[in-house]
Amino acid sequence: MGKSTGTIGILTAGGDCPGLNAVIRGVAKAAMHYGWKVIGIQDGFRGLIENRVVPIENIHVSGILTQGGTFLGSSRDKPHKMPMGDTIMDMTEVAVANYEKLRLDCLVCLGGNGTQKNAYRLQKAGCNVLTLPKTIDNDVAGTEITFGYDSAMTIATEAIDRLHTTATSHHRFIVCEIMGHDAGWLCLGSGIAGGADVILIPEIPYNLEAVAESLLNRRRHGKRFSILAVAEGVRNRDTVPAKKSGKKAKKKETKPEKLLQEAQNNGVHLVREPVANRIARELQAMTSVEARVTSLGHVQRGGSPTAYDRLLCTRLGTKAGELLAAREFNLMVAVKGNRCEPVPLKEVAGKTRTVPVDHPWIQTARLVETCLGDEPV
Ligand code: F6P
């Protein structure tokens, strides 16, 4: 491999997750190994706009492999729509000017779908970029898995395990709301691993009658408790526009995330009511069985990465270091089978990878009598 040296800036953007520090360490150590200088940019793209940087030497990335969060800080701010005081401004030119001022040869961006898009915008504006796929949602296109997913899935699975014992004691339904944005990977994975009796994911709009019927069927068979794993992005079949079925949509649903985003863009930070509350309330009314709700929320993003994620983060990070040494830019480091491989950023930016309804995990869940909300079990 051709060897070259230069300077990289690393930033972490979007929602945090376990493994970010492990990737920073992997990239930085491998880059230093090849003789590159490393600069840390604080709080995602906002730090680039505001020129808030910290030097990263070997000592700074020692001992951080197991630490959750990101020592660089993160934000959801986008260069082209940056809240600046009372207004939102396009700060792309400032980002590029600071990239040049810092004499960067490449900006390494650790983030999810939003970050892939924002990095691609900077690529088009003239910066060299490399990205790594981070998110507990596992919904980044072009890679088979994202870092952070396994850790969050492990946390959610443990929560479902714990809910089982208390639900059994009280003969209740417990609805557990799981993150994942518009993708069902986290809910489906942890739901299967935790043995949830009902798993509702955004990709399969649910019918509450089918869910209630499945819960009552379990009771008829002597199973007096049930655990429902519900993705935060679930959609009720009666409120989603019917697609090719020819049926007319009953009601158009405005996504709570969209409303929240709009509010956030206007500087208002709202807290969403867990969708699990409504589902539990309605199921309790339909079945006369006591229901409770647990919304796992940001617990899923906290703490130390799993061994799987530590290994994945180190593999992805060091692969990025190799690409830097070869001066291969404008790529996302993806997982393909058991290899880490670069894919052109332009091919993945702006795409989302949701759960295909014919994914083998769906059939797996059905074969262990899990209700997926579309038909009673
Ligand atoms: O993308 C990760 C994620 O945790 C989603 O699962 C969730 O919808 C969102 O971030 C929550 O974002 P925030 O931390 O801004 O509340």
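What follows draws every value from the coordinates through simple rules; no lab data is involved. Since the structure is predicted, the reported quantities are computational estimates derived from the model, not experimental observations. Note that each Cβ is placed from the backbone with ideal geometry, even for glycine, and that neighbours are counted across all protein chains shown.
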Of the candidates Val377, Val289, Met89, the farthest towards the positive dipole end of the chain (Lys/Arg Cβ +1, Asp/Glu Cβ -1, centred on the Cα centre) is Val377
Interchain or sequence-distant (5+) residues whose placed amide H lies within less than 5 Å of the amide H of Leu200 are Ala229, Val230, Ala231
Two pseudo-spin positions, 7 Å from Cα along C-beta at Arg220 and at Glu273, lie apart in nanometres by 3.2
If one compares the long axis through the Cα atoms of helix 256-265 with the longest principal axis of the Cα atoms of the chain, the angle in degrees, nearest 10, works out at 40
The set of residues whose placed amide H lies less than 5 Å from the amide H of Gly19, leaving out same-chain residues fewer than 5 positions away, is Gly69
Mean-square fluctuation maximum in Gaussian network of the chain, Cα pairs under 10 Å, restricted to Arg272, Arg76, Arg353, hits Arg272
For region 289-370, the dipole about the Cα centre with charges only on Cβ (Lys and Arg +1, Asp and Glu -1), to the nearest 20 debye, works out at 220
Per the rule of 0.36 nm per residue minus the C-alpha distance, extending Met32 to Leu367 adds in nm 115.6 nm
A chain fully extended from Asp86 to Thr66 at 0.36 nm per residue, minus the present Cα-Cα distance, gains in nm 3.3 nm
Val357 and Arg292 label points (each 7 Å along its Cα→Cβ direction) are spaced in nm at 3.5
Per the rule of 0.36 nm per residue minus the C-alpha distance, extending Glu328 to Thr7 adds in nm 114.2 nm
So, relative contact order of the chain in percent, Cα under 8 Å, 6 or more apart, is 24
Computed for the chain: size of charge dipole around the Cα centre, +1 on C-beta of each Lys and Arg, -1 on C-beta of each Asp and Glu, debye to nearest 20, value 400
Given 82-88, 136-142, 17-23, 278-284, the highest-first ranking by average Cβ count within 10 Å works out to 17-23, 136-142, 278-284, 82-88
To the nearest 10 degrees, the tilt of helix 149-170 (Cα long axis) against the first principal axis of the alpha carbons of the chain is 20
The aspartates and glutamates whose Cα lies under 18 Å from the Cα of Lys101, excluding any fewer than 8 residues away in the same chain, are Glu50, Glu93
FRET efficiency for Arg103 and Glu158 from the Cβ-Cβ distance with R0 = 41 Å, rounded to 0.05, comes out at 0.35
Under 5 Å from the placed amide H of Val335, counting only residues 5+ away or on other chains, we find Glu144, Ile145, Glu341
Relative to the chain, whose Cα atoms define the longest principal axis, helix 208-220 and its Cα axis are tilted in degrees, nearest 10, by 60
Rounded to the nearest Å, the spacing of the alpha-carbon centers of region 285-354 and region 182-220 is 24
For region 273-285, Karplus-derived ³J(HN,Hα) couplings (6.51, -1.76, 1.60; θ = phi - 60°; whole Hz; x for glycine and proline) come out as 6, x, 4, 4, 4, 5, 4, 5, 4, 5, 5, 4, 5
Applied in sequence order to region 51-56, the curve 6.51 cos²θ - 1.76 cosθ + 1.60 (Karplus, θ = phi - 60°) yields integer Hz couplings, x standing for Gly and Pro, of 6, 9, 10, 9, x, 10
Where a ≥ b ≥ c are root eigenvalues of the Cα gyration tensor, a/c under 1.5 meaning rounded, otherwise prolate if a/b exceeds b/c and oblate otherwise, the chain counts as prolate
Row for region 277-334, column shape: gyration tensor on C-alpha, a ≥ b ≥ c, rounded if a/c < 1.5 i.e. under 1.5, prolate if a/b over b/c, else oblate; value prolate
So for region 1-94, using the alpha carbon gyration tensor with a ≥ b ≥ c as root eigenvalues (a/c under 1.5 gives rounded; past that, a/b versus b/c decides prolate or oblate), I'd call it oblate
Which of Lys124/Lys351; Lys78/Lys124; Lys78/Lys351; Lys81/Lys319; Lys81/Lys336 exceed 21 Å between C-alpha atoms? The answer is Lys81/Lys319; Lys81/Lys336
